[in-house]
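Taken together, the values in this text are just the output of simple stated rules run on the coordinates, not laboratory data. Please read all numbers here as calculations on a predicted model, not as lab measurements. Methodologically, a virtual Cβ is constructed for each residue, glycine included, from the backbone with ideal geometry; neighbour enumeration extends over all protein chains shown.
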Amino acid sequence: MADIKKDRRRRAEENHSGTVSQQVLSEVQLKEYNYALRILPQEARLLEYYRDSLATVTAGFAEVYYNFLFDNPDIADVFYRYERDGGDVGMLVRKQLENMLASITDASANSRQDNLVAAGADLFENTFRPVWIIASYNLLTRFIKKQISRMEIPATDRSTLESVITTVLLRDLGLTMEGFWRASHAVARKELAHVAADLGMVEDLLSGIPHYVWSVDVKSNTVMYANQPLQSLYPDTMQAPIPCLADTHEDDRQQLLNTWQDAVSGSNSYAEIRMCLAEGIQHWYRISLFPSLNRLGKPVLMHCILEDINYLISERKLLQQLATTDRLTNLPNRSLWADHLNLALAASRRIPGSQVVVISLDINQFKMYNDTLGHDVGDILLRDVASRLNSIIRESDSLARLGGDQFGVLLQPANKARKATERVITQILDSFDVPFTYQDKQLCISLTMGISFFPDNGSSEDSLLTNAESAMQRAKRNGLPYQYFDPRNDVSPEEQLRYSGQIRTALDNNEFLLHYQPQVDIQTSRIIGAEALLRWEHPVEGTVMPHRIIPVAEQLGMITSITNWVLVTALRQCKQWSREGISIPVSVNVSARSFQNPRLLEKIEWALQEADVSGDCLEIEITEATLMQDLDHAAEVLNRLSESGVSIAIDDFGTGYSSLSYLKRLPIHTLKIDQSFIIDVGFDQQDVAIVRSIIDLGHNLGYKVVAEGVENSMAWDMLNKLGCDTAQGFHISKPLSEGHFSSWLSDTGHAA
C-alpha cells in the first residue's frame, strides 16, 4: 500500500513538472502573438501618454473583480478548496489581478509573457474553468471602456485608446489561455501514458479470468485492450466501443447504449442484458462500465467487464417467486399484493375521479373445520376457496392470500367503483351458496367482507387494508355478510383496546403536543397563518398521528378534552408569537363529534380568555360533511363564532357534498382546497379546471382560498397563475414543532 501511495505521488509530481515546462513561449511563438495582435508605434505612444491616468481609473477594478469572483458560487468553491489545501487565496487573486492590470499600462507583452502563460497554468492547476478566465478579461474590458468614456480627452484619442487597450487585453487573454491549455494537454498526455503502462501490468492477470474484459479510448473510440477470452470470441474484428453489441438481444440494445452514455458522463454504470455469445445460446450477462477520469473529470478510458449471470437470474426468479407467492394457494402473498395495490393507487391518482377498491375477506367457518377435520382438510379448503374466488376476479384485478384464512381483493381504478364493487360482492356471495365437497361431506362456507375506497377511506396501502379489515370486523359483530368502511364507526378493536387506558392519561402526562404548518401568501411569500396539528409522543410507539388518535378518542368520549387542550395550547402559542412581533392567526381542526358538542362555543370562549387573545387570532376548520349533518345547528354555531371574531374555514373543500347552497347560509371566510386536487395541478388540466373553478367560486363569494398539500414548485406556480390566495404544504414546510417553527420563521425572514 505504501508503494502504491509513493507511485501516485511520483505521478502527480511528474504531471506538475510537465505543466511547468510548458510555461515559456519561444521567440517564434511570441512573435506570432505580437504580429497577429500587433500594436502600432503611435498607439503604443498614446498608451504610454495616458499611462498614469489609466492607472488611476483602474484602481477601482479590484473591488469589481473580487465581487465577480466571490459572487459566483462555483468560483468561490474553487477558492475555498484551494484554501483548505493550504493555498493563499488572496495571493492567487492579487497575482491574477496584477497580470491583468499590467496590460493597461504596458503595450509590450515581451516582459510579461512568461507571467501570463504561467498564470494560465496555475489557473488550470487550481481547476479554474476557461470561461471564468474569459469572463474576467471581458469584465476588465468593459470597465476600462466605461472609465475612458469619462476621461476628459480628445475624441480621437478616446477611440484609439479604447482600440489599443482591447487589442492588448485580447493578446494577454490569449497568452493566459495558452498556458491553461498547454498545462491541460501535458497532464492528459502523461495520464494516458500511465494508464497504458498500467494496462500492460495487469494484462496477464486479466487474460486468465472467465469474464470478458476490455478497455476503450473514449476520444478515439478505439479498443485499447481486450483480454484473451474476448479476443477468442472476436478473433477477426472487434467493434468499438462495445464488441458484443451486435450479439445483444434486440430488446436490450437500447438499454446497453444508454448504459454506455451514462458511463461516458462520468459515472460507473451497470446493466443486465441478454446476449447470444458462446455456442449461440442466449444467456443473461451483467455489463459493468468504469470510466477513468482525467483531472477535469472527463472520461479518458472506459474499462468494461462482461460476466455471465444466467445462474443468478434463475436463482433470483425462484427467490422472487418464493418471496411473493403463497405456496399453499399459488396466489400472490401480502407483499406482492401490496405492490399491486400501490401501483393501482399511483394509476388512480392520474385518473381524476377514479377510485381503487380494497376488499378484505374472511372465512367464517374455517377455524371450526380446521380444528375438527384437521389441518390437511384446512389446507384443501383454503386452496378450493382460492380457486373459487380466482374464477370470479377479473384478470385486471388482484386476488391474494393475506394470511391464515384472510384473502384480499383489489379492484383496479374505476370511475364507478361502487357499482363494480357491488357486482363483485354479489358474485362472491352467490358463488359461496354452493357447498364444498370433501370425501362424503358437504362443507358449507360463508364469507365476511369489509370494503374501503381510495381516496375516500385512505391514501396508502396500509390505511386502506386496515380500514377494510375494520369494516369486516364490524360486519362480523353485526352478523352481516359485508360492510363498507365508515370512519365514524370503524375503529379496530385492537387499536381501541391498546389506546383505551393510555389516551386518558396522555393529557396528564403531557404526551400530546402540537406541530404547526405555515400558511403563506402566494403573491408575497409572507406567512399569514399556521395550522395546528395534533401529535401524540407515545412512550413506546413514538409519534402517533391524529388520524389514529381522533377516532379512538371519539369512541372513548375523550375528544372534547383533547379539543379543549388543542384550542388553549394553540392560542397560547399564538399569544407567544405576538409577543415576539409575529401577528398570525392559528387554525384548529374541529371534528364532527366536537362540533356537535353543545358546549363547543363555551370552550372556545374559555380558550380565548385563558390565552388572553381576541377571536381574530383563531380560525376553526370544519369539513363539509360535518356541516351537513345538521345545517341549522351549524349555522347557529358558526354565526356566534363569527360574531366573536373567529374565522371559519371549510376544510377539504371539493370532496364533500355537491350542493353548495349551504355556502350562502353560513358565515364562511375561507375555502381550503383538498390536496387531492393540488397534487397534479401543475400538469393535469382537469385538476387545473377544478381548482380554477373553486378559486373563482371562493373569490366571487368573498372568501379567501387556501390550497392544501402544495408539494412542489410546479403546483405553486400554477396556483399563483390561477390567483389562489394562500398555500400550505411540504413545498413550503412540513409541520414543525414549536421550537422548529420559531427557527423556521427566523431562517426565512418572517420573524420580527
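Report the Stokes-Einstein translational diffusion coefficient (µm² s⁻¹, integer) for the range 207-314, Rh taken as the Kirkwood radius over Cα pairs, at 20 °C with viscosity 1.002 mPa s. For these conditions, the coefficient is 152 µm²/s. The alpha carbon convex hull volume per residue for the range 254-329 rounds to 122 Å³.
The DSSP beta bridges internal to the chain are antiparallel in roughly 75% of cases. Candidates 611, 705, 739 compared by Cα position along the dipole of the range 558-747: farthest toward the positive end lies 611, with charges placed on Cβ. Annotation: amide H of residue 529 within the under-5 Å range of 519, sequence separation 5 or more or interchain, hydrogens built in the peptide plane. Counted by neighbouring Cβ atoms within 10 Å, the residues 224, 91, 472, 628 run from fewest to most as 91, 628, 224, 472. With both residues required to sit in the range 325-490, DSSP beta bridges show an antiparallel share near 90%.
Dipole size of the range 330-430 about its Cα centre, with +1 on Lys/Arg Cβ and -1 on Asp/Glu Cβ: approximately 600 debye, rounded to the nearest 20.
Rounded, prolate or oblate, given the Cα gyration tensor of the range 325-490, with a/c below 1.5 counting as rounded?
Cα axes put the range 325-490 in the prolate bin.
Positive end of the dipole of the chain (Cβ unit charges, origin at the Cα centre): among 581, 507, 296, the Cα lying farthest that way belongs to 296.
Give a quick list of trypsin sites (Lys or Arg not before Pro) in the range 560-621 that DSSP marks as loop, anything other than H, G, I, E or B, with at most 13 other Cβ atoms within 10 Å.
Of the trypsin sites (Lys or Arg not before Pro), the ones in loops of the range 560-621 whose Cβ has at most 13 other Cβ atoms within 10 Å are 599.
Over all Cα atoms in the range 480-620, the spread is summed up by Rg and Dmax: 16.8, 60 Å.
Going by how many other beta carbons lie within 10 Å of each one, how would you line up 398, 314, fewest first?
Numbers: 398 21, 314 11.
If I rank by nearby Cβ atoms, fewest first, I get 314, 398.
Toward the positive end of the charge dipole of the chain, with +1 on the Cβ of Lys and Arg and -1 on the Cβ of Asp and Glu, the farthest Cα among 346, 538, 128 is that of 128.
Near the amide H of residue 249, within less than 5 Å, lie the amide hydrogens of 274, 275, 276, all on another chain or at least 5 residues away, with H placed in the peptide plane.
Treat every Asp and Glu Cβ in the chain as -1 and every Lys and Arg Cβ as +1, leave all other atoms uncharged, and give the resulting dipole magnitude about the Cα centre to the nearest 20 debye. Walk me through the numbers on the way to the answer.
Working: 70 positive and 97 negative charges, 188 e Å.
Magnitude of the dipole: close to 900 debye.
Other residues whose C-beta falls under 10 angstrom from the C-beta of residue 82 contribute a net charge of -3, scoring Lys and Arg +1 and Asp and Glu -1.
Helix-only arithmetic for the chain: the sum of -39500 (n - 2.57) across DSSP H runs with n ≥ 4, divided by the residue total, places the mean residue ellipticity at 222 nm at -17000 deg cm²/dmol. Filter the GluC sites (Glu not before Pro) in the range 75-177 down to the DSSP loop ones having no more than 11 other Cβ atoms within 10 Å, then list what survives. Taking the range 75-177 and a limit of 11 other Cβ atoms within 10 Å, the loop GluC sites (Glu not before Pro) found are 152. For the range 576-688, the extents of the C-alpha atoms along the principal axes are 46, 38, 22 Å, listed from largest to smallest. Label zone of residue 51 (point 7 Å out along Cα→Cβ, amide N under 14 Å): in the range 121-157 this covers no residue at all. The local environment of residue 377, defined by Cβ-Cβ distances under 12 Å, has a net charge of -2 under the rule Lys, Arg +1 and Asp, Glu -1. Distances between every pair of Cα atoms in the range 558-747, grouped in 10 Å steps from 0 to the bin holding the largest one, split as 9, 34, 36, 20, 2 percent. Excluding same-chain neighbours fewer than eight residues apart, the aspartates and glutamates reachable from residue 317 by a Cα-Cα span under 20 Å are 251, 252, 272, 307, 308, 326, 339. With neighbour counts taken as other beta-carbon atoms within 10 Å, the residues 211, 515 rank, fewest first, as 211, 515.
For the chain, the convex hull spanned by the alpha carbon atoms encloses 281 Å³ per residue. Diffusion coefficient of the range 577-631 by Stokes-Einstein, Kirkwood radius over Cα pairs, 10 °C, 1.306 mPa s: 126 µm²/s.
Please go through the range 647-752 and write out the trypsin sites (Lys or Arg not before Pro) that DSSP classes as loop and that have at most 15 other C-beta atoms within 10 Å.
Details: sites: 664, 665, 672, 692, 704, 721; in loops: 665.
Within the range 647-752, the qualifying trypsin sites (Lys or Arg not before Pro) (loop, at most 15 other Cβ atoms within 10 Å) are 665.
Residue 286: net charge of surrounding residues, Cβ under 13 Å, Lys/Arg +1, Asp/Glu -1, itself excluded?
Working: positive: 274, 316; negative: 252, 272, 307, 308.
Overall, the nearby charge balance is -2.
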